[in-house]
Every structure is written in C-alpha cells, then in structure tokens.
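**Student:** Starting off with a structure, shown below.
What follows is calculated from the coordinates using simple rules that are stated; it is not laboratory data. Just so we're clear, the structure is a prediction, and the values are computed from it rather than from any experiment. Don't worry about glycine lacking a Cβ; one is built from the backbone with ideal geometry, like all the others, and counts go over all protein chains shown.
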Amino acid sequence: MSASEAWVTAALETTVPQLFSRNAAEFPQRPALTDAGREPRTWTWAEAQREVHTLAAGLAALGLQRGQTMLIMMANRAEHWLIDVAATHLGAVPSTLYPTLSQDQVHYIAQHSRARVVVLDGADQLRRFSKVLRNASTVEHIVVLDEAAMVGADHRFRTWERLRLLGEQRLRDDPELVRRAWSAVTPEHPAAILYTSGTTGDQKGVVLTHRNICFAAAAQHQVTQPERHAPRLCYLPLAHIAERMVGLYTAIHDVAHVHFCADQGRILAALTRARPTQFFAVPRTWEKLAAALQEVPTEQNTSPQGLRELRARIGLDRAVWPSSGAAPIDNSVLEFFSTVGVDIFELWGLTETTGCVTTNRAGARRPGTVGRAVPGVEVCVAADGEVLVRGPLVCAGYLQPDGVIRPAADADGWLHTGDVGALDDGFLTITDRKKELIISAEGKNIAPASVERALRAHPLIGHVLVFGDGRPYLVALLVLDEDTAPQWARERGITFLDRTELAEHPAVRSEVEEAVRAANDRLNPSAQVKRYRILDQPWGIEGGELTPTLKLKRRVIHEKYADIIDQLYGE
C-alpha cells in the first residue's frame, strides 16, 4: 500500500476518541488547551483526558447513552470543548447551538433532536431555553456552568461541579467505564449534529459521522502539513463547521495547542496572545484586521523588520495557513495582506461536506478562486452550473423528526451543493447560490453576490441586497457600515444625532452615489444597479435579517422591505 493510500485507509477506520486517546498516550505533558478567561489555565493532553473521562462518566451517570443527543450553548471556552469531546466518548451526539438563537428556534431544535441533556453557560442561555423548560420535552437534565444562574427549583438542574462529582464516583466504581464506551464507537456512528442557520429561515440538522470528521481532518492535513503542538485560536462559535474543524477536530488530529477566545470583540488581543500558525476568518474579520493595520504610519511598513512587526500587531507573524471562507473576500483585502506578507488562502466548503472541500495552497494559489479539491474528494460542475461533491467527507444526511437520517447525496454519491461555479485547471470559482440567481425580465442570468460584492467595496457600505428577478433592471437596499460610517462622518466634521440623520446627510448620500457609480462601471450592463435606497436601520441577527453566520436572509429581507422595493420600481 502506498503512503497516499495509507492515510485514506487510516482516516476511514478512525474515530474522534481514538485520536484524542492517541494524543494523551503519546504526548501526555504537551499543552492541549489554554483558556485565558477569568481563571487562566493550560491543560496538558493527559489532564484534558482525565477531565474528559470525568465528564463522560458524569454524563453516563445522568443516563446519556450512545446515539442520544446533547445540546450545548456555551461560549468558546475549555469546558465547552471538553464536554463536547466527552459526549463523543460515550457515542452520544453533541450539537452546539448558536448563542444568538431565539427561544422558538431553540425549542424547535430541542424537539427535533430529541435531546436528553443540555449544557449551558448561565443566565442568558437559560433564558433562551425557557420555552424548552416550560414545555414538555425529552430534556431530562440541564447542566449549568454558572450555578448562580439557576433560579427556581427545576429538578432537572445540575451544576458543573455536581456533574464532575458524579463522574468521579462512577470512575471509582468502574475505572474502565469510559474506555469501554469509546472503544465501542465505530466510524459509522454519528459524532455531531450541526443545525444550519439557512438563509430561508429553515433549520436542518446535518449529521456528521466519525468517518466524515476523521477523513476531512486527514485530508486537510495532507494539504496544510502542520507542525505538531502549533497554536490555534478557537474564537468562532463551535456551531460553525469551520470552527469545529479548525478549533476542535483538526486540532485533535494535528495535535495542536488550542487557545480560546470567548468574545469575538477581543479577537485582536487573542490573536496577539496565541500567535496561531493556522487561522481561519470570514471576510468581515479580515477587513477589520486590515483596518487595524492601516492605522499604522506608512513609513513603518516598508522594511522586512517593519513588516514582521506589522504582522505581529495582529498576531499573524507565525501564520503559515491564514484562510478565508463562508463568503467571497474582496480582492483589495487579499492584495493588502499580501503586501504585508500574509497570503490568505481562499477556501470553500459546507456544513454538509464537513468543512473544506477546495482550497488554495502554497504553490497553487489563484486569487479569486477557492482553489483545488483536497485529496480524496471529487468535484464537478453539472450542466446547469451547480457544483457537485463526492467523497467520504459528505455528511451522513439530515436528521428527520422521527430520528431517521435522510441521505444528503444522490444515488451515485454526489452532493448537490446549491452553489453555482466553474472549474478551470482544477481551480473552482463560486459565482452564487443556485436558488439566488436573478433572471431578469429579458431572461438574463445575474449572480447577485458579484453585484453586492462590487457595491460593498466602498467602506461606507456594510450590507447590500439586490433585487431584480423578473424585473427590467436591478435595484438595491444599502445599509451603512455600523463602525466605518460614523467614523467617516466624524472625520469630515459631519454631525448627526442618529442613524437616520447620518443616512440622510447630503455628504453621505453623495459618497454612496459615487460608490454605486464606481461599482456599475465594473459590472456588465445587465448587472448594473439602476436605483437604490439607503436604509437608516441596521441589519442583524436579532432583527432577523442575518443568519448566525452573518449571511443575508434574502427572503426575510424581501418580505420586510417589499413596499420599498416596489417604490424603487415605481420611481
């Protein structure tokens, strides 16, 4: 068997607990986790294994069994990571929920997943689970890290320390309990359920098996070739497939040292503390990091030493694999970081593909594309332009309300991704979502994402949504950037009381008009925006316009602003 075949065979026959146990056996004293929260601490792999076994035994004492679901709503912290891994040691299925979900969304997931155990941080998470607590459900135990938040006499409440004490007692009675449990877990068993936020509002429970995860991690390893014990930063919600792979699964596979950041608003401080060698961010985060660097005087940026110091200011002086995904990144951002010595690798993947399917890489980087397929995976483009994927990283399927898993792939094993793209010498370019393509009244196919990206190139504009399906031309709704727009106005001596005054100020309107004109100059005539409206209210997760991964909910926005859109066509 060749080396190229050996890694595939090994990955297909491995489980997450096996990889974790290997790390504890081979590198017991090397650091595994560092949490710089209220009580800073670093866990070695041996210490992490003891804690995982204790928590797993505690969950077993609560009755959590193989195949049952455990919901988690916690910040990025060591406890979250450890109890997630603990559940997989029992063959149970952890599912992390986005911390911004509403009570109705949480209730739906709790019912749909038939969760038996819930693990929460504190008061805010308990509030979001209040509908679950009030209504009959399958939830039997609620473990809360902050015991002060447990107001009331709900018999299902358990403190974190109580869970640990239960685990310690069970291990004293049966020291081999957890080892027996994880030894019985097979690669085909579900290892996680991720509820995709969905731009239409529908939530799907994507079931990932141990085989999906271990193969995806091994395939990514073949591309990145990371050093062992290298630092990683875990800062995105673990409900996001990108963070589950970078901060959890590939970190275990690659024997990395994970640093946690519970507050995304403090990412710059976390980056400079961790100095990760691998770092994934969505385009908006890269834009903010670029803005932080652009505040440094130009004369400090030119020498090799100056460039190293510049990279150190954002904690990327050791980065060998900085990457971007989840949305298109503007070329100007890529070019800016290249000038300071940070080549960002664009990649593409879905929750249903256990993360990364294609990626640019050292020696094979083509900006504007999302790179070539990772080893062991097939990618093709159907006649209608839809991108199809086949390989062991394609998820088991979607969880149904009756507990059955409906396959996501077709009879030939191809996952129809819903993304539209093109292949050139193996490099994939994603142009839009299949369902979001606009067909104008003249029958022209228009990719709204490319139009919106052109408009967002101006720093004043934070969000854009274009419309035009069945219409004679395109119109757009624009939302000013919440951070940049006020700063831009103050720098120009513009005074304003609120967002409405800012959006209506003549100088702002003139600048936006110029931005639209500049964008139109770069677009084909059929893709140019003829009319637009600057909205005076922000778009966000709580308002329903954005998903937890900050993608636009097109249908929701269309319904919410239908009158304004009609006015734009009537003007």
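**Student:** Over its Cα atoms, what ratio of radius of gyration to 2.2 N^0.38 Å does region 437-570 give?
**Tutor:** Dividing the Cα Rg of region 437-570 by 2.2 N^0.38 Å gives 1.04.
**Student:** What does DSSP give for region 234-433 in terms of the percent of beta bridges that are antiparallel, rounded to the nearest 5?
**Tutor:** Here the antiparallel bridges make up roughly 75 percent for region 234-433.
**Student:** What spacing in nm lies between the two simple spin-label points modelled at residue 229 and residue 50, each 7 Å away from Cα in the Cβ direction?
**Tutor:** Computed distance between label sites residue 229 and residue 50 equals 2.0 nm.
**Student:** Tabulate in residue order the Karplus-calculated ³J(HN,Hα) for region 36-51, using 6.51 cos²θ - 1.76 cosθ + 1.60 with θ = phi - 60°, rounded to whole Hz; enter x for Gly and Pro.
**Tutor:** Ordered by residue, 3J(HN,Hα) equals 9, x, 4, 10, x, 7, 10, 9, 7, 5, 5, 5, 5, 5, 4, 5 Hz.
**Student:** With a 10 Å radius around each residue's Cβ, average the other Cβ atoms per peptide and rank 394-400, 505-511, highest first.
**Tutor:** Final packing ranking: 394-400, 505-511.
**Student:** Of all DSSP beta bridges in the chain, what percent run antiparallel (nearest 5)?
**Tutor:** 55
**Student:** Would you order 453, 38 from fewest to most other beta-carbon atoms within 10 Å of each residue's own beta-carbon?
**Tutor:** Ascending Cβ contact count within 10 Å gives the list 38, 453.
**Student:** Moving on. Put +1 on the Cβ of each Lys and Arg and -1 on the Cβ of each Asp and Glu in region 437-570; which of 463, 494, 473 then has its Cα farthest toward the positive end of the dipole?
**Tutor:** Result: 473.
**Student:** Taking amide H positions as placed in the peptide plane 1.01 Å from N, state which residues far from residue 280 in sequence (5 or more) or on other chains have amide H under 5 Å from it.
**Tutor:** Distant-sequence amide H within range of residue 280: 323.
**Student:** What is the Cα centroid distance between region 429-452 and region 322-349, reported in whole angstrom?
**Tutor:** That distance is 23 Å.
**Student:** Can you grab the distance from the C-alpha centre of region 504-571 to the C-alpha centre of region 109-187, Å, no decimals?
**Tutor:** 44
**Student:** Provide the packing ranking of 559-565, 545-551, i.e. peptides ordered by the mean count of other C-beta atoms within 10 Å per residue, highest first.
**Tutor:** Final packing ranking: 545-551, 559-565.
**Student:** With label points built 7 Å along Cα→Cβ from the Cα atoms of residue 378 and residue 184, find their separation and express it in nm.
**Tutor:** Label-label distance for residue 378 and residue 184, simple model: 3.7 nm.
**Student:** Over its Cα atoms, what ratio of radius of gyration to 2.2 N^0.38 Å does region 24-119 give?
**Tutor:** 1.17
**Student:** In region 406-480, which GluC sites (Glu not before Pro) are in a loop and have at most 14 other Cβ atoms within 10 Å, using DSSP for the loop call?
**Tutor:** Filter output for region 406-480: 442.
**Student:** For the chain, what percent of Cα pairs sit more than 42 Å apart?
**Tutor:** 22
**Student:** Next up: So for region 224-278, averaging the separation of alpha carbon pairs under 8 Å that are six or more residues apart and normalising by length, what relative contact order in percent results?
**Tutor:** The value is 47 percent.
**Student:** If you don't mind, another one. Where a ≥ b ≥ c are the square roots of the eigenvalues of the C-alpha gyration tensor, would you call region 3-185 rounded, which needs a/c under 1.5, or, failing that, prolate if a/b is larger than b/c, or oblate?
**Tutor:** Prolate, because a/c is 1.5 or more and a/b exceeds b/c.
**Student:** Another question, if that's okay. When the Karplus curve 6.51 cos²θ - 1.76 cosθ + 1.60 is applied with θ = phi - 60°, which whole-Hz ³J(HN,Hα) does each residue of region 481-493 get, with x for Gly and Pro?
**Tutor:** In residue order, the calculated couplings are 5, 5, 9, 6, 4, x, 5, 4, 5, 5, 5, 9, x Hz.
**Student:** Which of rounded, prolate or oblate describes region 349-450 when judged by the alpha-carbon gyration tensor and an a/c cut-off of 1.5?
**Tutor:** Oblate, because a/c is 1.5 or more while a/b does not exceed b/c.
**Student:** May I pose another question? Roughly how tilted is helix 160-173, in degrees to the nearest 10 and between 0 and 90, from the longest Cα axis of the chain?
**Tutor:** Tilt relative to the chain: about 30 degrees.
**Student:** Is it possible to state the helix-based mean residue ellipticity at 222 nm for the chain, with each DSSP H run of 4+ residues giving -39500 (n - 2.57), the sum divided by total residues, to the nearest 500 deg cm²/dmol? What is it?
**Tutor:** -10500 deg cm²/dmol
**Student:** How high is the relative contact order of region 136-219, in percent, counting Cα pairs under 8 Å that sit 6 or more residues apart?
**Tutor:** Reported as a whole number, the value is 17 percent.
**Student:** Here is a follow-up. Under 5 Å between amide hydrogens, which residues at least 5 positions from residue 532 or on another chain qualify, with H placed 1.01 Å from N in the peptide plane?
**Tutor:** Under 5 Å from the amide H of residue 532: 476.
**Student:** Still on this model: With the contact rule set at Cα under 8 Å and sequence spacing of 6 or more, what percent relative contact order holds for the chain?
**Tutor:** Reported as a whole number, the value is 11 percent.
**Student:** Please report, in debye to the nearest 20, how large the charge dipole of region 437-570 is about its Cα centre when each Lys and Arg carries +1 at its beta carbon and each Asp and Glu carries -1 there.
**Tutor:** Dipole about the Cα centre, nearest 20: 500 debye.
**Student:** Could you run the Karplus curve 6.51 cos²θ - 1.76 cosθ + 1.60 with θ = phi - 60° over region 90-100 and give me ³J(HN,Hα) per residue in whole Hz, x for Gly and Pro?
**Tutor:** 8, x, 7, 10, x, 9, 7, 9, 4, x, 9
**Student:** Tell me which residues come under 5 Å, amide H to amide H, from residue 546 once H is placed; ignore anything under 5 positions away on its chain.
**Tutor:** Distant-sequence amide H within range of residue 546: 540, 541, 553.
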